[in-house]
Amino acid sequence: MTMAQTKQDISEANRRRYDELRAAGQELTPKALPEPTALDGAPIAPGAVISREQVPAGWYASVRLRRGEALRVVDDSGCSSVSLIGWREEETSERINCADTAKVQWSAAISKGRVLLSDMGRVVLSLIEDTGGAHDLLVGGSTPASTREAFGASTRNSQENFLSAAAKIGLSLRDIPPCVTFFAPVSLDGKGRFLWNSSRKRPGDFVDLRAEMNLVVVLSNCSHPLDPARLPTSEPITLIRHRASPPSKDDPCRTTSPEIVRAFEFTDRLFA
Amino acid sequence: MANRWSIPGRSTAPISANSCRTSIPARTDTLIAACDCYRYAFLGVEGYHDNCTDNLFAGMSELGLVPPEVPSPLNLFMNIPWSTDGALSFAAPPLPIPGGYVQLRAEMDLVIAFSACPQDILPINGKAGKPVAAHFAIAEQHPNVGVTA
C-alpha cells in the first residue's frame, strides 16, 4: 500500500466518522437559542453577590472568576460599550479566542445561549443571561489611532487598558487576544461594510457571563470605534460578581450543538 | 482596530491587487480561524490530522522562528457566506477560478507562512473533500506586475 493510499484511507475514515457524528447530531431536535432576558429579569439573590464595582468611563477592571461564578456587566446608561479579554488563571497561554468562537458556533452573532471559546477547544464563558443580544466579535476595541480619528486627540482606549491590565499580572502585548465587545451592535451589509444599529442599545442592558474555568478577565469601558455618537463615553458601567446556579443537565449554553457539547466535555476534564 | 492589529496602527500586507484571469474577484475570508487539533477533535477525528495551525508553526520553525501563536489568518480563496443575522456557513464550495491569484505588497519586512488547507472532512475545499496544491511566487518590487483586472 502506498503512502498516498494510506492517507486517502485515513481521510475517508475520518469523513465517514464525521458523517456519522453529524447524522447523530441531526437526530437531536435542533435547539433554538433562548429568548433574550427581560431588562427586569434574572434578579440576583442578595446572598449570591460576591462583589460589586463601578468602572468609570475610559477605565478598566481586572476580575478573577472561579469556575461556576458569574459576572453581570451592566450598561447602566445605554451609551457604554465594554470590551473584554480573558485568560485561564492557571495557564495564561490559554485565552479567549473570538475567531474560534465564531467558527465553532457557525455564527459571528453572540447572544444568550452562546459561549466564548478558548484557543484550546474549551469553553471560557457562557452567556447565561443577555437582554440585548447585540455584541461585537469582529471589529475589536478602541486604539490610540481610533480615538484620534473619533475625537481629534488620543484618549483612553481599550488597547492601552488591556496592556496596563496585562502588565499587572506579568503579561504583555503578545498575550492580548482580539477582544469581544458587549453592547456594541455591529453588523455587516451585503458588501462587507460594518453597520452600527443604535436602536439596539438601551439603558440597563446587561449580560451574565458564567465562568467555565478559573479566569482572569479584563473589561474596558471605552467607546467602540464604530459608535457614531463620537462622544468619549461619559458614564460608568456596573460589574456584579455573583454565584450562578449550578447548570442543569439541559443547560441551554451547554447543549446547543454536538460541537459545543464536546467543548464542554473537554472543559470539564480540566476539573475532573 | 484591535482585532486585526499586529503593531498598533500599522497594517502588515494590504491586498494591492485581487484579480484573476477571468476578472472575477477571488473570494477571501477574514473571519474564520485556522483549524487546529482541537477543531479536528470537535469534528470527531481520533488521532492526529494535519491542520493549518500546525502547518503555519512548522513553516515558521523551518526558519528557526517560534511565534507565540498562530493568529487568525487571512484565508485566500476561501468562501464563507455571511447572512445579515450573523450566521456563517461552509456549505458553499469555494468559487473555483483556476489560475486565480491574489497579489500582496509587503509594507514592512515580513515573514509570511502559507498553508494549503488540508481540510477533507468539511466541504470547504469542495464537496469531494480533496485538498489541492497552491503556489506562490515572490515578485520583484513592481507596482503593477501581473495585474490584469
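The values are calculated or read from the model by the stated rules, or taken from the named source; none is laboratory data. A quick note: this is a predicted structure, and the numbers were derived from the prediction, not measured. Here the Cβ positions follow ideal geometry from the backbone for every residue, glycine too, while neighbour counts run over all protein chains shown. Please note that ligands, DNA and RNA were not included when accessible areas were found on the heavy atoms of the full protein model with its side chains. Shrake-Rupley method; radii C 1.70, N 1.55, O 1.52, S 1.80 Å.
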Could you list all residues from the stretch A:138-175 that are at pLDDT 95 or above and of a type in the set (A, V, I, L, M)?
A:LEU163, A:ALA165, A:ALA166, A:ALA167, A:ILE169, A:LEU171
Is it true that A:GLY78 is touching a residue at least 60 places away in the same chain (Cβ under 8 Å) and within 16 Å of A:GLY140 (Cα to Cα)?
no
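Quick grid of which residues meet (1) facing chain A (nearest Cβ under 8 Å); (2) modelled with pLDDT of 80 or more; (3) under 24 Å from A:GLN105 (Cβ atoms); (4) open to solvent by 50 Å² or more (accessible area, probe 1.4 Å):
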position: B:ARG21; (1), (2), (3), (4): no, no, no, yes
position: B:GLY44; (1), (2), (3), (4): yes, yes, yes, no
position: B:VAL66; (1), (2), (3), (4): no, yes, no, yes
position: B:VAL102; (1), (2), (3), (4): no, yes, no, no
For the stretch A:25-33, state whether one or more residues are at pLDDT 95 or above and outside any strand (DSSP E or B).
no
Within the stretch A:78-115, the residues that are farther than 25 Å from A:PRO34 by Cα and of a type in the set (Ser, Thr, Tyr) are A:THR92, A:SER93
A:GLY132 vs. criteria out of contact with any Pro (no Cβ under 9 Å at 6 or more places or on another chain), farther than 25 Å from B:ASP29 by Cβ and in a loop (DSSP other than H, G, I, E, B)
no
Scan of the stretch A:185-203 for residues that are more than 26 Å from A:GLU160 (Cβ to Cβ) and either within 14 Å of chain B (Cβ to nearest Cβ) or under 19 Å from the mean Cα position of the chain (by Cα) (or both), ordered by number:
A:SER187, A:LEU188, A:ASP189, A:GLY190, A:LYS191, A:GLY192, A:ARG193, A:LEU195, A:ASN197, A:ARG200
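Is there a residue being under 26 Å from A:THR255 (Cα atoms) and in a strand (DSSP E or B) anywhere in the stretch A:96-112?
Scanning the stretch A:96-112 turns up at least one residue that is under 26 Å from A:THR255 (Cα atoms) and in a strand (DSSP E or B).
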Can A:ILE260 be described as touching a Lys or Arg at 6+ places or on another chain (Cβ under 6 Å) and of a type in the set (Val, Ile, Thr)?
no
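Please find, within the stretch A:167-184, the residue that is surrounded by the fewest Cβ atoms within 10 Å (Cβ to Cβ) out of those that are part of a helix (DSSP H, G or I) and within 11 Å of chain B (Cβ to nearest Cβ).
If we filter the stretch A:167-184 for residues that are part of a helix (DSSP H, G or I), which is where we start, we get A:167-168, A:173-175.
Next, only the ones that are within 11 Å of chain B (Cβ to nearest Cβ) stay: A:173-175.
Numbers: A:LEU173: 15, A:ARG174: 10, A:ASP175: 19.
In this case the residue turns out to be A:ARG174.
This table checks each residue for (1) open to solvent by less than 10 Å² (accessible area, probe 1.4 Å); (2) in contact (Cβ under 8 Å) with a residue 40 or more places away in the chain.
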position	(1), (2)
A:VAL124	yes, yes
A:ILE128	no, yes
A:ALA165	yes, yes
A:VAL186	no, yes
A:ARG193	no, no
A:MET213	yes, yes
Considering only the stretch A:139-153, I want to know if a residue exists there that is open to solvent by less than 10 Å² (accessible area, probe 1.4 Å), in contact with a Cys (Cβ under 9 Å, 6 or more places away or on another chain) and not hydroxyl-bearing (Ser, Thr, Tyr).
yes
Take the stretch A:119-135 and flag every residue that is at the interface with chain B (Cβ under 9 Å from one of its Cβ atoms) and at negative phi.
A:ASP119, A:MET120, A:ARG122
